[in-house]
1. Mind checking whether some residue in the stretch B:11-28 is within 24 Å of residue B:163 (Cα to Cα) and in contact with a helix residue (DSSP H, G or I) (Cβ under 9 Å, 6 or more places away or on another chain)?
2. Condition test on residue A:195, is it surrounded by fewer than 19 Cβ atoms within 10 Å (Cβ to Cβ), outside any helix (DSSP H, G or I), in the same structural domain as residue A:88 (by TED's automatic domain parsing) and at pLDDT 90 or above?
3. Is it the case that the stretch B:77-86 has a residue that's in a strand (DSSP E or B), more than 10 Å from chain A (Cβ to nearest Cβ) and over 15 Å from residue A:201 (Cβ atoms)?
4. Where in the stretch A:75-185 are there helices (runs of 4 or more DSSP H), lying fully within it, with 2 or more residues that are surrounded by 21 or more Cβ atoms within 10 Å (Cβ to Cβ)?
5. With respect to residue B:45, is the statement that it is more than 10 Å from chain A (Cβ to nearest Cβ), within 23 Å of the chain's Cα centre (by Cα) and not in a strand (DSSP E or B) true?
6. If you check B:57, B:107, which single one turns out to be assigned by TED's automatic domain parsing to the domain that holds residue B:176 and under 28 Å from the mean Cα position of the chain (by Cα)?
7. If a residue has to be loosely packed, with under 15 Cβ neighbours inside 10 Å and in contact (Cβ under 8 Å) with a residue 12 or more places away in the chain to count, how many in the stretch B:83-111 make the cut?
C-alpha cells in the first residue's frame, strides 16, 4: 500500500545515505591519522601500513624529531593544555550560569542592551581583537620571570574565555528560559532567597546546559592556537604540533601520534557528556 | 490561621490592567474560591496574596497586620501550583522537607512533621521516589504535603485539580475540602471550573476582567446572580437569558407574555430575563420550538428555540419530545438584568 509512511521512510533512507556519504571523507581522514600513528610511515594505502608502536614510545619519551637529540616533556605540554582548557571551561561556566540566569529571570535596566551587545560581541572574530588584547597584555605583564609565566596562563584563560562568554551566556539564558517560573516561585514561597533558588533549584535543572557550555568552552581552550601562541610562554599540544610540522626534522607518523593524543580528550569528553546532555528531567511538572 | 483582607487591590502589567480595585475579605478558616474564566486575573490575585507579585495599588492585611511589603517567606503561606512544581531532582522526602531545611528546623522535628503530614495524605510509602515516578494524583498529594508541612497560616491553591483526570478530580475534591476543614486553615482556591467552586467553597468570589463581580455562598451565587455573567458562568448548563420588555408586572418576550413576580412589579422597560434550566416547567408560558434533545439517563436536556434564541430546559427523562414540537415554557424562578449594565435589577 502506498501511503505517507512508505514515502517518508524512503526519504529518511535517502537522508541517512547522504549523511553517510558526506561523512566518509572525515572518517577516512581521522582513520588515516590514527592508523599512521601506529605505522612506520604515513598510511596512504593499505600497503603503506606497517604496524609499530615506535611513534608512541618516542612521543612519550619526548623525542619529537627522528634524530632524537631534541627532547621535550610531552606530559608537561599536555598538562599546560589541560590547565588552559579547564581554566577557560571553569571561567566560562561560572560567568554564563550567573549571567544567563540574570538575563533570563531578572528585570533590570539595560537588560535588552546587554543582550544585543552580547550578540554583537559574539560576531567579533577573536583574531580581529588580538592587537588590542596584546596591548593590554604588554601593559599588565609583570617583570618577574616566574610571575610572568604564571600571568601568561592567567591571561590566556581570561582572554580566550572572554571570547566564549557571549555565546555561552546566550545558551544558558535559553536553558533558564525553558524552566517554568513555578519552580522558582515555589522555592521563594518555601522560604529560599534568590541565590538559594538559583543554586539549589535552578542549577540542577539546567545541568545539561551547564555541561554543554563547559564542554564547548573546554574544547575552545583545548584547540585554541592563536591566543595560546600569542600570549602563553609555555607550549600547549596545539602549538607544539604546529611547531613540529614546520620543523625540518619532522617525522610525520610521530606527529600523527601527537595529533591522535590531542584528539583523545575531546572524544572522551564527548562520550561522557552526550549521555548527560541527552538525559533531561521529566515529571514533577505538568501543564 | 488568619483572616485576609484585600483593600482596593490593583495590578498593572505595563499598560494591561490585570486587577482593578478588588476589595475582598476572607474569614479565618474559610474556604474561598476565586472563580473566573482564564485571563480574568484570579491567579494574579492569588500570587499577590502569596507575595510573588506586588499590587500596583492597594493593601493586603493578614488579621490586622499589613503584609503588602512583606516578602513571601515572611507571610507563612503554602502554595500548591497548577503544575505542582515538584523539584524534579529531589526525592519526595527532599521535596517535602525543602521548606523546613531552609528554616533550619532540627532533624528530629523534620522527621516528625514529615511523618505527620505524609500520613495524613497517605503518601508515607513514596518518600524515596522521585516526582517522575509518581502518578498525577500522587504528585498532587506531594505538592499539598510540601505546602502544609511548614504549617502555613494560609493555604493557597492555584487550580490544583486541573491536571487530574475527571474521576480522580471528583474524588480529590471531597478529600481536599475535608482536609481543609479538619485543619481549620484559611484557604484560597483559584479555579475556572464552576462545579469545583460550588462543590468545595464556603464562599465564591467571581472575577472577570480584573473586577470582582460577586462574592457569596454557593447558594447565593447560584440562585441570585448579581450580574448576567455570573448566571451564565455558573451551573451546567448555565442560566438561560432572553430579551424582554417589562411593564406593570407583565414580561413580554416576543409574542408571549408571562407574569412577573412581586419584587419586579415596578420594573418597566427593556430587560434581560434569566432562569435556570432546572426551574422551568413545560406548559403555559413562552412559546418555542424544540431544537434538540439530549438524554442524560434520569433526565434530559431539551433545547428550545425562542425567537431565534436557544434556551436549555432540564425535564424528567420519561417525556418524549421530537424536533420541531411546539412547546410553552414557564420559568418558576427568574432574575431580571438591566439590558445595558447587565447587572441584576
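The values are calculated or read from the model by the stated rules, or taken from the named source; none is laboratory data. Since the model is a prediction, treat every value here as computed from it, not as a measurement. Glycine gets a Cβ as well: all are built from the backbone with ideal geometry, and neighbour counts include every protein chain shown.
1. Within the stretch B:11-28 (the criterion being within 24 Å of residue B:163 (Cα to Cα) and in contact with a helix residue (DSSP H, G or I) (Cβ under 9 Å, 6 or more places away or on another chain)), the answer is no, since none of the residues qualifies.
2. Here the answer is no, as residue A:195 does not meet what is asked.
3. Among the residues of the stretch B:77-86, not one is in a strand (DSSP E or B), more than 10 Å from chain A (Cβ to nearest Cβ) and over 15 Å from residue A:201 (Cβ atoms), which makes the answer no.
4. A:145-177
5. Criteria met by residue B:45.
6. Being assigned by TED's automatic domain parsing to the domain that holds residue B:176 and under 28 Å from the mean Cα position of the chain (by Cα) holds for just one of B:57, B:107, which is B:57.
7. Result for the stretch B:83-111: 1.
Yes or no, residue by residue, for (1) within 14 Å of another protein chain (Cβ to nearest Cβ); (2) buried (at least 17 other Cβ atoms within 10 Å of the Cβ); (3) in a strand (DSSP E or B):
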position: B:160; (1), (2), (3): yes, yes, no
position: B:164; (1), (2), (3): yes, yes, no
position: B:173; (1), (2), (3): no, yes, no
position: B:180; (1), (2), (3): no, yes, no
position: B:189; (1), (2), (3): no, yes, yes
position: B:204; (1), (2), (3): no, yes, yes
position: B:207; (1), (2), (3): no, yes, yes
position: B:238; (1), (2), (3): no, yes, no
